[in-house]
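The values are calculated or read from the model by the stated rules, or taken from the named source; none is laboratory data. Just so it is clear, the model here is predicted, and its values are computed rather than measured. With ideal geometry, Cβ positions are generated from the backbone for all residues, glycine too; neighbour counts draw on all protein chains shown. For the accessible areas, the whole protein counts, side chains as well, though only heavy atoms, and no ligand, DNA or RNA atoms are used. Shrake-Rupley method; radii C 1.70, N 1.55, O 1.52, S 1.80 Å.
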Amino acid sequence: RKEELKSAKEKLSLSDVLILSGPAGTGKTRLALQLCNEVAEENEYEVICIKSNGLELYEDLFSAIDVGKNYVVLVDDANELTGLHFVLDYLPKTAIGDKHIKKVVITVRDYARQQVVNQVLEVEKPEILKVGLFKDDEIRKLIEVAFGITNHVYSDRIVAIAEGNA
């Protein structure tokens, strides 16, 4: 996903919000985590990761953000999150007070992308990166590197079962 990571960094430099969308299992969350970690390291940001637990987010977010620090926030499966607007309210264009978030990276499955885009558009024009399925050769390389599987009979079967989903 080196090309996607490079593209994601470029897109995030153009906007305070980047939406990564794609089918389930395509690696959106892993790509987002890598992106947030690299952006944080390069810009001396803190990373905050948010995953829906079905509870209101405001109090947790308010207590997690410190004055004078810069944050990149990952919102995973944003369509499942209660209160995405609370996160967006901390962006520089809308933040009131000294607490703010510099960048937001959002993952969402394709079927819910427009719903999330519409929420973000109320505050900021987001950049969008579609994360696609893996090619067969990419899955072969992944299972070789991660699991040491080089036998073509096994790797062909795994590729067939995966259908592009890592």
Discussion item. Looking for something among the charged types (D, E, K, R), part of a strand (DSSP E or B) and either within 20 Å of residue 34 (Cβ to Cβ) or out of contact with any helix residue (DSSP H, G or I) (no Cβ under 6 Å at 6 or more places or on another chain) (or both) - is there at least one such residue anywhere in the stretch 105-123?
Written reply: yes
Response to the item:
Across the stretch 67-76, the tally of residues that are out of contact with any Phe, Trp or Tyr (no Cβ under 7 Å at 6 or more places or on another chain) and open to solvent by 10 Å² or more (accessible area, probe 1.4 Å) stands at 4
Item to complete: Could you grab me the full set of residues in the stretch 79-113 that are at pLDDT 85 or above, of a type outside the set (D, E, K, R) and either open to solvent by 50 Å² or more (accessible area, probe 1.4 Å) or within 14 Å of residue 126 (Cα to Cα) (or both)?
Response: 104, 105, 106, 107, 108, 111
Discussion item. Tell me the residue from 166, 64 that is at pLDDT below 90, open to solvent by less than 80 Å² (accessible area, probe 1.4 Å), within 20 Å of the chain's Cα centre (by Cα) and under 25 Å from residue 5 (Cβ atoms), please.
Written reply: 166
Item to complete: Kindly indicate whether residue 74 is in a helix (DSSP H, G or I) and at pLDDT 85 or above.
Response: no
Worksheet item: Somewhere in the stretch 127-136, is a residue of a type in the set (Gly, Ala, Ser) and within 17 Å of residue 17 (Cα to Cα)?
Response: no
Discussion item. Exactly one of these conditions fails for residue 3: (1) open to solvent by 50 Å² or more (accessible area, probe 1.4 Å); (2) touching a residue at least 24 places away in the same chain (Cβ under 8 Å); (3) within 24 Å of residue 138 (Cα to Cα). Give me its number.
Written reply: (2)
Discussion item. Which count do you get for residues in the stretch 144-165 that are closer than 23 Å to residue 22 by Cβ and either assigned to a loop (DSSP other than H, G, I, E, B) or in contact with a strand residue (DSSP E or B) (Cβ under 9 Å, 6 or more places away or on another chain) (or both)?
Written reply: 3
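Has the stretch 26-36 got any residue that is open to solvent by less than 30 Å² (accessible area, probe 1.4 Å), among the hydroxyl-bearing types (Ser, Thr, Tyr) and at negative phi?
yes
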Worksheet item: On the given criteria, is residue 13 without any contact (Cβ under 8 Å) to a residue 12 or more places away in the chain, hydroxyl-bearing (Ser, Thr, Tyr), out of contact with any Gly (no Cβ under 8 Å at 6 or more places or on another chain) and open to solvent by 10 Å² or more (accessible area, probe 1.4 Å)?
Response: yes
Worksheet item: Which of the residues spanning the stretch 16-45 are over 11 Å from the mean Cα position of the chain (by Cα) and modelled with pLDDT under 90?
Response: 23, 24, 25, 26
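Considering the stretch 37-61 alone, what residues qualify as being in contact with a strand residue (DSSP E or B) (Cβ under 9 Å, 6 or more places away or on another chain) and open to solvent by 90 Å² or more (accessible area, probe 1.4 Å)? First the steps, then the outcome.
Kept after step one, since they are in contact with a strand residue (DSSP E or B) (Cβ under 9 Å, 6 or more places away or on another chain), are these residues of the stretch 37-61: 37, 39-40, 43, 45-52, 57, 60-61.
Hits for the stretch 37-61 are 51, 60.
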Item to complete: Test residue 148 against the stated conditions and say whether it is within 26 Å of residue 41 (Cα to Cα), surrounded by fewer than 14 Cβ atoms within 10 Å (Cβ to Cβ), free of Cβ contacts under 8 Å to residues at least 40 places away in the same chain and not polar (S, T, N, Q).
Response: no
